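> Pasting in a structure now, in C-alpha cells, and then I'll have a few things to ask.
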Amino acid sequence: MSKEKELLPFWQSKKLEEMSDPEWESLCDGCGKCCLVKLEDADTEEIVDTDVVCKLLDLGTCQCSLYKTRHQYVPDCIKVTADNIETLSFMPPTCAYRLLHEGKDLPWWHPLITGDPNSVHAAGVSTLDKVVSETEVEDADLEDHVVEWPQDPSPPEPWVRYSE
C-alpha cells in the first residue's frame, strides 16, 4: 500500500469488499432508515417509505435491539454486503454503503467524519423521534404512514472537515 493511501481513512483507501468486518459495520451511521417499512406499488413497482419501522428497532437509539440474531425474528431482514449493495435500490441515498458503492464520499454528518455517534441524529438525518414501531400500526393502515424523508442536509456554517 502506498504512503498516500495509508494516510487516507479506510473508506477512501479500500474497496467495500476489502474491508474488515469491524470496518464494514462502522460504515453504518445508525440512521435507522434501512429498517423502515416500505411499500411497493403493484402497478409501477415504485417503492415508497413509511414512518413505520421494524419491531426490532430501538426507537430511542435507532439501533437494532437484536442485531446479531435479528434473522431469527425477522427472516426477511436483509444483510447488506458488498455483493448485494448494488441490488438494494431501497437503501436511502444517504446510506454509506450505497454512497461508497457509487464512488461518493461519506456525508459531513457521518459518525466516522465527526467522531460523534450522535451526529447523525443532531443533523436530523436519522429516524430518531420520527417513527413508530410496526407493532403499533395495522397493515391496513400502512398507506396512511407513507412519507418522503428529507435528503442530506447542508452542513452548518462554518463547517470544518477534520478528516482531510
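Values quoted throughout were computed directly from the atomic coordinates according to the rules given, and no laboratory measurement underlies them. Note that the structure is predicted; figures quoted are calculated from it, not measured. All Cβ positions, even for glycine, are placed from backbone atoms using ideal geometry, and neighbour counts span all protein chains on display.
> Every cysteine in the chain with no other Cys Cβ under 4.7 Å from its Cβ, please list them in numeric order.
Result for the chain is CYS28, CYS31, CYS34, CYS62, CYS64, CYS77, CYS95, no neighbouring Cys Cβ within the cutoff.
> For segment 63-140, just run the numbers: alpha carbon Rg, then divide by 2.2 N^0.38 Å, N being how many residues it has. Kindly include the intermediate steps, with their values, before the conclusion.
Working: Rg = 14.6 Å, N = 78, 2.2 N^0.38 = 11.5 Å.
With N residues counted in segment 63-140, Rg over 2.2 N^0.38 Å equals 1.27.
> Among ASP116, ASP49, ASP139, determine the one that fluctuates most according to a GNM of the chain built with springs between C-alpha atoms less than 10 Å apart.
ASP139
> Looking at the chain, identify the longest residue range that excludes and avoids all trypsin sites (Lys or Arg not before Pro) in DSSP loops having at most 11 other Cβ atoms within 10 Å.
Details: sites that count: LYS15, LYS79, LYS104, ARG161.
Between exposed loop sites, the widest span is 16-78.
> Just GLU45, GLU134, GLU102 to compare: in a GNM of the chain, with alpha carbon springs under 10 Å, which one fluctuates most?
Of GLU45, GLU134, GLU102, the most mobile in the Gaussian network model is GLU45.
> Additional query: Which longest uninterrupted range of the chain lacks any chymotrypsin sites (Phe, Trp or Tyr not before Pro) assigned by DSSP to a loop state (not H, G, I, E or B) and surrounded by at most 13 other Cβ atoms within 10 Å?
Details: sites that count: TRP159, TYR162.
Counting at most 13 other Cβ atoms within 10 Å as exposed, the longest clean stretch of the chain is 1-158.
> Taking Cα extents along the principal axes in Å straight from the coordinates, which label in [x] 55, 39, 25; [y] 45, 33, 23; [z] 57, 36, 33 is the correct one?
[z]
> Over what distance in Å are the Cα centres of segment 72-111 and segment 8-41 separated?
Their Cα centres are 5 Å away from one another.
> Then there is this: Report ³J(HN,Hα) in whole Hz for each residue of segment 80-86, in order, from the Karplus equation J = 6.51 cos²θ - 1.76 cosθ + 1.60 where θ = phi - 60°; Gly and Pro get x.
Whole-Hz 3J(HN,Hα) from phi for segment 80-86: 6, 9, 4, 6, 10, 4, 5.
> A follow-up question, please. Among VAL80, VAL131, rank each residue by its count of other Cβ atoms within 10 Å, from fewest to most, as a rough exposure measure. Intermediate values should be presented prior to the final figure.
Values: VAL80 18, VAL131 24.
Fewest-to-most Cβ neighbours within 10 Å comes out as VAL80, VAL131.
> Report the paramagnetic label zone for THR81: residues of segment 102-127 whose backbone N is under 20 Å from a point 7 Å from Cα along the Cα-to-Cβ axis.
Those under the cut-off are 102.
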